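Enquirer: Mind looking over this structure? Questions follow.
Values quoted throughout were computed directly from the atomic coordinates according to the rules given, and no laboratory measurement underlies them. Only a predicted model underlies this, so the values are computations on that prediction, with no experimental measurement involved. Quick reminder, even Gly has a Cβ in these numbers, built from the backbone with ideal geometry, and neighbours come from all protein chains shown.
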Amino acid sequence: MKLFNTPRDYIKSKFGANEINWNRSILDSIESSYKENSYCDLFYAICLYKDNLKEINEFGVLGCYSIISMAAGSAKNNSNTLIKGFDLFEDYEFNSFKLNDAKERIKKAGFENISLIKTDVFKGDNLLKGLAQAQVVHIDLSNDGDIYEKILTSNLNKNLTLILEGGSHDRDENTWIKKYEARPIHPVLKKFSEDKRLEISIINAFPSLTIIENIA
Ligand SMILES: C[S@@+](CC[C@H](N)C(=O)[O-])C[C@H]1O[C@@H](n2cnc3c(N)ncnc32)[C@H](O)[C@@H]1O
């Protein structure tokens, strides 16, 4: 298990890039907990450098910050990449964003290859299908240790880069995970780090992000 302080440290170590230059102004009006530490560069870089990229799936879209960042990176890699975003949108009982407003945002940003699907991810088979067939999957569904365990025991595409919100010890200790006694994520990651087929990297900057590659 490797730890990185910031997205920038990961990008430098993984891709050898000191700077990632792209038009981030398309994100200016979008709120996201990922914004403070420029996680957009991480989403962009992973999709820019991914080998044989054909399909990206995102589970947890909200206002489109991460999906637009991934779409921008993939456009410089393979402009035919199929991108699907799954979310409950206005049916989510907590902080939510309307499907039609999300579609409008995507249109304004100019990405015609993104499809947004309103669904409960835990009720259908879209998540399992995405993990088995896409090359990049981002999961941001109020993640806890149970979600991580479910994902890491699924059938994962051999060329998959998995990006999951959370993973740091700090996020387990200082968010709703503690408050609502949900299962912490970090111990689950420690357990799976013994599986040599998985390369696990944690970006520590809050809210933290975990990147897992299947290196079997
Ligand atoms: C933290 S937000 C995603 C933030 C987004 N990735 C960004 O870049 O800012 C979590 C999202 O997960 C969605 N969500 C939570 N549970 C879900 C479920 N069971 N099925 C589908 N979407 C769900 C919520 O509607 C919410 O939009």
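Enquirer: Give the span of region 1-117's Cα atoms along each principal axis, as three whole-Å numbers ordered largest to smallest.
Expert: 40, 30, 29
Enquirer: Counting helices only, and only those DSSP H runs with n ≥ 4, report the 222 nm mean residue ellipticity of the chain as the sum of -39,500 (n - 2.57) divided by its residues, in deg cm²/dmol to the nearest 500.
Expert: -9500 deg cm²/dmol
Enquirer: Something else: For the chain, just run the numbers: alpha carbon Rg, then divide by 2.2 N^0.38 Å, N being how many residues it has. Don't skip to the answer; put the middle values down first.
Expert: Working: Rg = 16.0 Å, N = 216, 2.2 N^0.38 = 17.0 Å.
So the chain has a normalised radius of gyration of 0.94.
Enquirer: Which distance in nm do the two modelled labels at ASN52 and ARG183 give, with both placed 7 Å along the Cα-to-Cβ direction?
Expert: 3.1 nm
Enquirer: Within 10 Å, count the other beta carbons around each residue, average over each peptide in 170-183, 5-18, and list them highest first.
Expert: 5-18, 170-183
Enquirer: Next up: What are the extents of the Cα atoms of region 117-200 along their three principal axes, listed from largest to smallest and rounded to whole Å?
Expert: Between the extreme Cα coordinates on each principal axis of region 117-200 lie 35, 34, 16 Å.
Enquirer: Principal axis extents for region 89-142, Cα atoms only, whole Å, descending order, please.
Expert: 31, 28, 16
Enquirer: Turning to a different aspect of this structure: What nm value, rounded to one decimal, do you get for the distance between ASN214 and ALA17 when each label is placed 7 Å out toward the C-beta?
Expert: Computed distance between label sites ASN214 and ALA17 equals 2.4 nm.
Enquirer: Let me ask another. Would you work out which of ASN113, ILE203, VAL61 lies farthest towards the positive end of the dipole of the chain? Charges go on Cβ: Lys and Arg +1, Asp and Glu -1.
Expert: The one lying farthest along the dipole's positive direction is ASN113.
Enquirer: Can you list the HN-Hα couplings for region 177-184, worked out from phi with the Karplus curve (6.51, -1.76, 1.60; θ = phi - 60°), rounded to whole Hz and with x for Gly and Pro?
Expert: Rounded to whole hertz, the list is 4, 6, 4, 9, 6, 6, 6, x.
Enquirer: For a bin width of 10 Å, list the pair-distance distribution of region 160-216 built from all Cα-Cα distances, rounded to whole %.
Expert: P(r) for region 160-216, in whole percents per bin: 25, 52, 21, 2.
Enquirer: Taking every DSSP beta bridge that has both residues in the chain, what percent is antiparallel when rounded to the nearest 5?
Expert: Here the antiparallel bridges make up roughly 35 percent for the chain.
Enquirer: With no solvent and one point on each alpha carbon, what is the Debye value of log10 I(q)/I(0) for region 63-178 at q = 0.14, 0.23 Å⁻¹?
Expert: So the normalised log intensities work out to -0.65, -1.48.
Enquirer: At 20 °C and a viscosity of 1.002 mPa s, what translational diffusion coefficient does Stokes-Einstein give for region 146-186, taking Rh as the Kirkwood radius over Cα pairs? Give it in µm²/s as a whole number.
Expert: Details: Rh = 11.5 Å.
Answer from the Stokes-Einstein relation: 187 µm²/s.
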